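The values are calculated or read from the model by the stated rules, or taken from the named source; none is laboratory data. Predicted model only: the values in this text are computed from it and were never measured. Every residue, glycine as well, gets a Cβ built from its backbone with ideal geometry; the counts of neighbours run over all protein chains shown. For accessibility, only protein heavy atoms count, side chains too; no ligands or nucleic acids. Shrake-Rupley method; radii C 1.70, N 1.55, O 1.52, S 1.80 Å.
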Amino acid sequence: MSRLDWFVLVGALLFVVLWGLYKGRGATTGEGYIGGGRDHRWWLIGLSIIATQTSAITFLSTPGQAYVDGMRFVQFYFGLPIAAVVLSVTLIPLYHRLKVSTAYELLEARFDLKTRLLAAILFLIQRGLAVGLTIFAPALVLSVLLGWSLHVNILIVGLLVMIYTVTGGTKAVAWAHSSQMVIIACGMILAGIMTAHRLPAHVSFGDALHVAGGLGRLNVIDAHFDPNNRYNLWSGLIGGFFLMLSYFGTDQSQVQRYLAGSSVTQSRLGLLLNGMIKVPMQFLILLLGALVFVFYQFHTPPLFFNPGPVKQVMAGPDAAAYRALESDFAVARGLQSQRAEAYVQARHSGDPAQAAEAKAQLQQAHAQSETVRRKGVALIEKANPGTNPSDTNYIFLAYVLSALPVGLVGLVIAAVFSGSMSSMSGEISALGATTVVDLWRRLVGGSQGQREVWVGRIATFAWGCFAMAFAEYAARLGSLIEAVNILGSLFYGTILGIFITAFYVKRVRGGTAFWAALVAEAGVLLCFAFTSISFLWYNLIGCVAVVGLAWAFSLFQPPGPEAIPLA
Amino acid sequence: DLLGSWKRIYAVVLGELLLCILLFRLFSWVYS
C-alpha cells in the first residue's frame with residue numbers, strides 16, 4: 001500500500017461516515033429512528049437494498065468463484081427479480097396499510113404473540129450470527145494478504161459503522177449506503193477496465209473471452225436438473241426464488257429498507273430496481289473474475305493464493321515436496337502460457353482447424369497444471385487437518401495487490417471496507433429495530449417518544465458489540481463457518497411458510513401456525529443433518545412443510561372466531 | 001402514490017430476467 005492508496009482509503013471511509021452522520025441527524029422519535037422518517041425515494045431505497053445484500057465477501061469471493069469454477073454462480077440470483085415482483089404485489093402494500101415497523105408485527109395481527117416472537121427470535125439468532133461473519137471474512141482476507149491485525153481490522157470496521165448507525169438510525173444507514181455503493185461501483189468498474197488493459201497488447205477482449213470459454217470459465221447457464229447441484233438454472237429459479245422471497249419479504253434487514261419508503265410506489269420501485277440491477281451486476285463481477293483468470297494465462301500465478309495454509313506446509317515435513325511441486329507448477333504454467341499465445345495466434349490466422357487444434361492443446365496444458373495444483377492442495381490439506389483449505393476468497397485481492405496501479409489498490413480496498421460496513425450497518429440497525437419493536441415495545445410496553453430513540457441506540461450498539469465479539473471468535477470456528485453461512489437457509493423457509501400461511505390459508509388461527517413452524521423446522525434440521533440436498537432447497541422444503549402442517553393441524557383446532565383477513 | 005401501469009413495470013422486470021438468461025446462454029455458446 002502506497003501513500004496514495006492510504007489517502008484514497010482513509011478519505012473514502014471518512015466521507016462515508018461523515019455523510020451518514022450528516023444525513024442521519026435529527027431523529028427525535030422511535031418512529032423516526034427506526035422508520036427513517038418514512039420519506040425515502042425509490043432510488044435511495046434501491047441503493048440501500050443492494051448495499052445491504054452486497055457484503056465485502058460478495059465481491060472478494062465472486063471473482064474468485066469465476067476463476068475457480070466459472071460463471072454459473074450467477075444462476076443463484078435468477079429467483080430475485082421474480083421474488084421482487086411477487087413481493088411488490090403482495091407484502092409491500094400490506095406492510096404500508098398496517099403501518100408496521102417490523103415484518104413480524106404482522107404475524108401477531110394475524111395469529112398470536114408467540115408466532116410473532118418465534119419469527120422475530122429466529123431472525124435475531126440467524127442474523128445476529130451472520131453479521132459477525134460478514135465482518136470477519138473480509139477482515140481475515142485483508143489480514144492474511146496485507147499483514148494487518150485481524151482484531152484491529154474488525155474493530156475499525158465495527159466502530160466506523162457504529163458511529164453513524166447508532167447515532168442516526170435507518171436514515172443514516174440509507175444515506176451511507178448510497179455513498180458506499182458509489183465507492184464499490186467505482187472500484188469494481190475501474191478494476192475491470194484496468195484488467196482488460198493489463199492483458200498482452202495483441203490479446204483483444206474477444207480473444208480473452210475465447211481463452212476463458214475454451215477453458216470452461218464462461219459456463220453461465222446449466223439447464224440440467226440436479227437437486228444436489230448448488231448452482232443450476234432450476235435451483236436458481238425455484239430454490240433461489242423461495243430464498244429471495246423470504247430474504248426480501250420477511251428478513252427485517254431488508255424489510256426495514258423499503259418500509260422507509262414514502263409510499264407503496266416508492267417502496268415497490270426501490271425493490272424492483274434491485275431486481276433489475278442484481279443479475280447483470282453479478283454477471284459483470286463474475287466476468288471480472290474470468291478476465292483475472294485470462295490475465296493469469298499470460299502471467300504465472302502462485303500455486304495457492306492463500307499464503308496462510310502454505311506457511312503450515314513449509315514449516316512441516318512436506319516442505320521439500322511442496323517446493324518441488326511449486327517448480328513443477330511454474331513449468332506447467334509456462335507451457336500453458338505458450339499454448340494460450342498459440343491459441344490466440346491460431347484464432348487470428350482465421351483457420352478454424354488450426355484454432356481447434358490449438359484450443360485442444362491449451363486445454364491439455366491446463367489439465368496438466370491443474371493436476372500439479374491438486375497435488376499441492378492435497379499437501380496443504382495434510383498440513384492443515386480438519387480445515388477446508390480454499391483460496392477462492394483470496395484470488396481477487398491477491399491479483400489487485402500484485403497487478404493494479406497505485407491509487408486503484410486503495411480504492412478497491414475502500415470498496416472492500418464499504419461492503420463490510422454496508423452489510424453490517426443494515427443488519428445491526430434491523431437487529432436493533434426488532435429488539436425494540438418486537439421485544440421492548442411489545443413485552444415491556446415502551447412508548448414511541450424520545451426515550452425509544454435511546455432504547456434503539458442502546459439495542460443497536462449492543463448488537464454491534466455482539467457482532468464484533470462473534471467476528472473475533474469466528475477465527476476459532478474453522479469449517480463451522482460454512483454451517484453458520486447456511487444458517488439463513490435453515491430458518492428462512494420456515495419463516496416464509498408462516499407468512500404464506502398468514503396470507504393464503506385462512507382457516508389457520510392462533511397457535512396452529514406456531515406448532516406447524518416448530519415441527520417443520522425440526523424437519524429442515526433433519527434434512528440438513530442426514531441428507532446431501534443442496535441448501536437452496538431447504539427454503540422450499542421448510543416453506544411447504546409449514547403450510548402443509550398448518551393446514552393439517554387446523555383440521556383439529558377448536559372452533560373460534562374467524563382470522564383477520566390479510567389478503 | 002413510471003411506465004403508466006404496474007403490470008407494464010412487472011413485465012419489464014421479468015422480461016429483463018428472461019433476456020438475461022437467453023443472452024447468457026448465447027454468450028456461453030459463442031465463447032465455449
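What range in chain A is the longest one free of chymotrypsin sites (Phe, Trp or Tyr not before Pro) that are in a loop by DSSP and have at most 13 other Cβ atoms within 10 angstrom? Walk me through the numbers on the way to the answer.
On the way: sites that count: A:225, A:556.
Counting only loop sites that pass the neighbour cut-off, the longest clear stretch is A:226-555.
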Among A:30, A:64, A:6, the residue whose Cα sits farthest towards the positive end of the charge dipole of the stretch A:1-84 (+1 at Cβ of Lys and Arg, -1 at Cβ of Asp and Glu, taken about the Cα centre) is A:30
One would report the Cα pair-distance distribution of the stretch A:84-187, bin width 10 Å, in %, as 12, 25, 36, 19, 8, 0
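Is the stretch A:268-335 best put as rounded, prolate or oblate by its Cα gyration tensor, with a ≥ b ≥ c the root eigenvalues, rounded for a/c under 1.5, and otherwise prolate when a/b is larger than b/c, oblate when not?
Working: a/c = 7.44, a/b = 2.33, b/c = 3.19.
Since a/c reaches 1.5 but b/c is at least a/b, the shape of the stretch A:268-335 is classed as oblate.
Just how large is the dipole of chain A about the Cα centre, in debye to the nearest 20, putting +1 at every Lys and Arg Cβ and -1 at every Asp and Glu Cβ?
Values: 37 positive and 27 negative charges, 209 e Å.
Here chain A has a charge dipole of around 1000 debye.
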Computed for A with B: buried accessible area summed over both chains, 1.4 Å probe, rounded to 100 Å², at 2300 Å²
Nearest 10, in degrees from 0 to 90: the angle of helix A:79-89 to the longest Cα principal axis of chain A is 20 degrees
Unit-weight point scatterers at every alpha-carbon of the protein assembly as shown, Debye formula, q = 0.05, 0.06, 0.11 1/Å: log10 I(q)/I(0) is -0.23, -0.33, -1.07
Over chain A, the sum of -39500 (n - 2.57) across DSSP H runs of at least four, divided by residue number and rounded to 500 deg cm²/dmol, gives at 222 nm -25000 deg cm²/dmol
For the protein assembly as shown, the accessible surface attributable to carbon and sulfur atoms (probe 1.4 angstrom, ligands and nucleic acids excluded) amounts in percent to 67 percent
With a Förster distance of 51 angstrom and the Cβ-Cβ distance between residue A:451 and residue B:32, calculated FRET efficiency to the nearest 0.05 equals 0.20
Taking only the alpha-carbon positions of the stretch A:47-93 as identical scatterers, the Debye log10 I(q)/I(0) at q = 0.20, 0.25 Å⁻¹ comes out as -0.81, -0.99
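When the dipole is taken about the Cα centre of the stretch A:55-125, and only Lys, Arg (+1) and Asp, Glu (-1) are charged at their Cβ, what size is it in debye, to the nearest 20?
Values: 6 positive and 4 negative charges, 38 e Å.
The dipole magnitude comes to about 180 debye.
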Computed over chain A: longest principal axis from alpha-carbon atoms vs helix A:319-349 long axis, angle to nearest 10 degrees, is 80 degrees
Charge dipole of chain A built from unit charges on the beta carbon (Lys, Arg +1; Asp, Glu -1), centred at mean Cα; most positive-end Cα among A:524, A:221, A:201 is A:524
